[in-house]
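**Q** Provided herewith is a single structure, encoded as structure tokens, for subsequent inquiry.
The values are calculated or read from the model by the stated rules, or taken from the named source; none is laboratory data. Small disclaimer: the values here were computed from a predicted structure and weren't measured. Cβ: placed from backbone, ideal geometry, glycine included. Neighbour counts: every protein chain shown.
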Amino acid sequence: MKIITKTSHWWLTILMAFFAIVMILPFVWMFSTSFKTPAQVFEYPVRWLPSQWIWDHHIKVWTGPKSFGTYYINSLKVSLISTVGATLLSAFAAYGFSRIEFKGRNALFVVYLSMMMVPPQVLFVPKFLMFDSWGIYNTHWALILPGMFTIFGVFMMRQFFLSIPNEISESAFIDGAGHIRIFFRLIMPLAKPALATLAIIDFSWHWNDYENALVFLIDESLYTVPLGLQNFILENNVDYNGMMAAASAGIVPMLLVFIIGERFIVQGITNSAVKG
Amino acid sequence: MKRNWMKRQQLLGYLFIGPNMLGVVLFFILPAIYSLYLVFTDYKFMAPKMSFIGLDNVKRLLRDEIFYVSLQNTVVFLLAVPISIGLAFLVALALNRKLFFKKTLRALYFMPYITSGVAVAFVWMLLFHPKQGPINAILTSLGVSNPPGWLSTTEYSMLAIDIIWIWFMLGYNMIIYLAALQEISGELLEAAKIDGAKPYQVTYKIVWPLVSPTTFLLMITGLIMTIKTFGIIQAITQGGPGNSTMILSLFVYKNAFRYYEMGYAATISWALFFIIMLITLVQWWGQKRWVHY
């Protein structure tokens, strides 16, 4: 009996592993193509490991006047500042929405939630005109400033703060601590895993954000990785190996973040969806 | 004393929410109002003057052929959502059983979701290459004599986009389903098995209804997220060939930042908003029929 269940585990494992490999084949194809010669790109049957590893395409992507180095620095700057700001500001607001009782709190929260329904397309045109008149159009501020405000983040942190029992802050109140001290000394340390989750998810949004960069940036020197990638592909539209080397450059950082923070990402996404 | 305390609470509440609220007002609420105002104008960027034109933008939209084309394409794009949810449910069912390397498998299925949409779009563009791409090479070797031209033809371009999107969303849907499946009590399933229910009956009659709130949630969030997306399409087809991959959100972008028709673009964007409202309302209304809490 035990042997039978064991073999059925293996069968299901093999079946699911097969489909999982199919899911990631596009990535495998991308990496292997980035190391092949132009003649080998569309070889069939597909050679998943190049016969000879050619680094030229990666060198092309990372050197020269349009090096991905610039795009990486731009993306890191925009993503890091936005993420730190968004995480802290979300935590602040979420504390107010969950652990301080005051008039108009719930009405305000409904306004927040309703803003989640407004598609970014509605906001693009007015933001473009506003940023233009403020002089921040075609600067990184056009991405960073709005990037520091995430309604999803407030929502997610609020869910987390609501799950912390009230007794914890009550005993601190009796000891004479106020909200500000409780927030920094008590709640924030407890919220570290939730903050890490929000930070990782938020960072991935900023890193992958193509649409805002497309609308608000013009100068090539300001391009973030997705825009740089698009630019590279427009200019090298027959260099398939180079395209795949560039795509790899765009994907690898997120793959690393994912491998390191998988636990937080999965946890956070599940919590915010299922308990929300 | 009590009154003072209440006042302090009020002040502290605003102190905590204030900084965030400032941003929400500046970057969400004000632009939304501004956009609503633009609907009634013929504002063009850099144009010397602008005037109020009442509902002319709305009338123009209702006569615009491309609007209807993009509406239709949007619906086709949205079809990817239920398909991706269905497949994700099957994958989650399998991954919820006793398996080896469960965590690794879960991570592999989830991987597409966290990667940059633009980068994967370019990878798929080559995979779908009509003459020599690996997908058509496989189809040919399987005996398909005339494989589709995918992104380069008007007939198959939306299908190709849908395939990319199903692949992209699958991992997210699967993760959420897995969490929901883990909440189902094993005793209930045991009891059904003892009563002689077949595995597919257990799945269809017990598990599927039990996860229906999750399915509902995934449908709403998936549809809303999808209808807002235009990045991958802009990156690989720019709405073409012809207007065969022009969807509403891309149509807004094009009018605003290619033709600088700000008033008209604002009008289309509000049409998009109303469609999102409509989806949400229909879902809320429809959930009474099939969601079991």
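Residue-wise test of (1) outside the structural domain of A:Leu186 (by TED's automatic domain parsing); (2) of a type outside the set (D, E, K, R); (3) under 26 Å from B:Ala92 (Cα atoms); (4) under 20 Å from the mean Cα position of the chain (by Cα).
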residue: A:Thr7; (1), (2), (3), (4): yes, yes, yes, no
residue: A:Leu25; (1), (2), (3), (4): yes, yes, yes, no
residue: A:Val28; (1), (2), (3), (4): yes, yes, yes, no
residue: A:Tyr44; (1), (2), (3), (4): yes, yes, no, no
residue: A:Ser75; (1), (2), (3), (4): no, yes, no, yes
residue: A:Ile81; (1), (2), (3), (4): no, yes, no, yes
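**Q** State all residues of region B:78-101 that are modelled with pLDDT of 95 or more and either among the polar types (S, T, N, Q) or outside the structural domain of B:Ser185 (by TED's automatic domain parsing) (or both); if no residue qualifies, say none.
**A** Once the filter is applied, which keeps residues that are modelled with pLDDT of 95 or more and either among the polar types (S, T, N, Q) or outside the structural domain of B:Ser185 (by TED's automatic domain parsing) (or both), region B:78-101 yields only B:Ser84.
**Q** So if I check each of A:Ser90, A:Ser114, which one is at pLDDT below 90, not charged (D, E, K, R) and not in a loop (DSSP other than H, G, I, E, B)?
**A** None of the other options fit; the residue is A:Ser114.
**Q** Another question about this same structure. Within region A:127-187, considering only helices (runs of 4 or more DSSP H) that don't extend past its boundaries, which have at least 1 residues that are farther than 23 Å from B:Leu15 by Cα and among the aromatic types (Phe, Trp, Tyr)?
**A** A:141-147
**Q** Cβ-Cβ below 6 Å, separation at least six or inter-chain, first residue in region A:56-79 and more than 21 Å from A:Leu145 (Cα to Cα), second of a type in the set (A, V, I, L, M) and modelled with pLDDT of 90 or more: which pairs?
**A** Taking only residues 6 or more apart or on different chains, the pairs are A:His57/A:Ala245; A:His58/A:Ala245; A:Val61/A:Ala245; A:Val61/A:Ala246; A:Val61/A:Ala249; A:Phe68/A:Ala249.
**Q** Sticking with this structure for a sec: Kindly indicate which of B:Val75, B:Val123, B:Val69 is more than 14 Å from chain A (Cβ to nearest Cβ), crowded, with 16+ Cβ neighbours inside 10 Å and at pLDDT 90 or above.
**A** B:Val69
**Q** Please go through region B:238-280 and give me each residue that is surrounded by fewer than 22 Cβ atoms within 10 Å (Cβ to Cβ) and assigned to a loop (DSSP other than H, G, I, E, B), ordered by number.
**A** Selection gives B:Gln238, B:Gly240, B:Pro241, B:Gly242, B:Asn243, B:Ser244, B:Arg258, B:Tyr259, B:Tyr260.
**Q** Does B:Met219 satisfy the criteria of being crowded, with 23+ Cβ neighbours inside 10 Å, away from chain A (no Cβ under 11 Å), closer than 15 Å to B:Leu79 by Cβ and not basic (Lys, Arg)?
**A** no
**Q** Now, a different point. Identify all residues within region B:167-185 that are within 11 Å of chain A (Cβ to nearest Cβ) and more than 25 Å from B:Ile206 (Cβ to Cβ); write none if there are none.
**A** Selection gives B:Trp167, B:Phe168, B:Gly171.
Conditions tested, residue by residue: (1) closer than 20 Å to A:Ser82 by Cβ; (2) modelled with pLDDT of 90 or more; (3) over 16 Å from the mean Cα position of the chain (by Cα); (4) hydroxyl-bearing (Ser, Thr, Tyr).
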| site | (1), (2), (3), (4) |
| --- | --- |
| A:Ser133 | no, yes, yes, yes |
| A:Thr139 | yes, yes, yes, yes |
| A:Phe155 | yes, no, yes, no |
| A:Asn212 | yes, yes, no, no |
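**Q** Condition first: within 10 Å of chain B (Cβ to nearest Cβ) and surrounded by fewer than 20 Cβ atoms within 10 Å (Cβ to Cβ). Can you find one or more residues in region A:51-64 that meet it?
**A** no
**Q** Moving on to the next point. So if I check each of A:Leu123, A:Leu162, which one is surrounded by fewer than 16 Cβ atoms within 10 Å (Cβ to Cβ) and either closer than 19 Å to A:Phe92 by Cβ or of a type outside the set (Phe, Trp, Tyr) (or both)?
**A** So the residue among A:Leu123, A:Leu162 that is surrounded by fewer than 16 Cβ atoms within 10 Å (Cβ to Cβ) and either closer than 19 Å to A:Phe92 by Cβ or of a type outside the set (Phe, Trp, Tyr) (or both) is A:Leu162.
**Q** Right, something else. Here's a check for you: in region A:217-276, which residue that is closer than 18 Å to B:Leu108 by Cα and among the charged types (D, E, K, R) is farthest from the other protein chains (Cβ to nearest Cβ)?
**A** If we take residues in region A:217-276 being closer than 18 Å to B:Leu108 by Cα and among the charged types (D, E, K, R), then A:Arg263 is farthest from the other protein chains (Cβ to nearest Cβ).
**Q** While we're looking at this one, here's another question. What do you reckon, is B:Ser51 of a type in the set (Gly, Ala, Ser), more than 8 Å from every other protein chain (Cβ to nearest Cβ) and touching a Leu at 6+ places or on another chain (Cβ under 7 Å)?
**A** Taking the combined requirement at face value, the residue does not satisfy it.
**Q** Within region B:163-178, is even one residue surrounded by fewer than 20 Cβ atoms within 10 Å (Cβ to Cβ), at pLDDT 90 or above, farther than 22 Å from B:Leu278 by Cβ and of a type in the set (A, V, I, L, M)?
**A** yes
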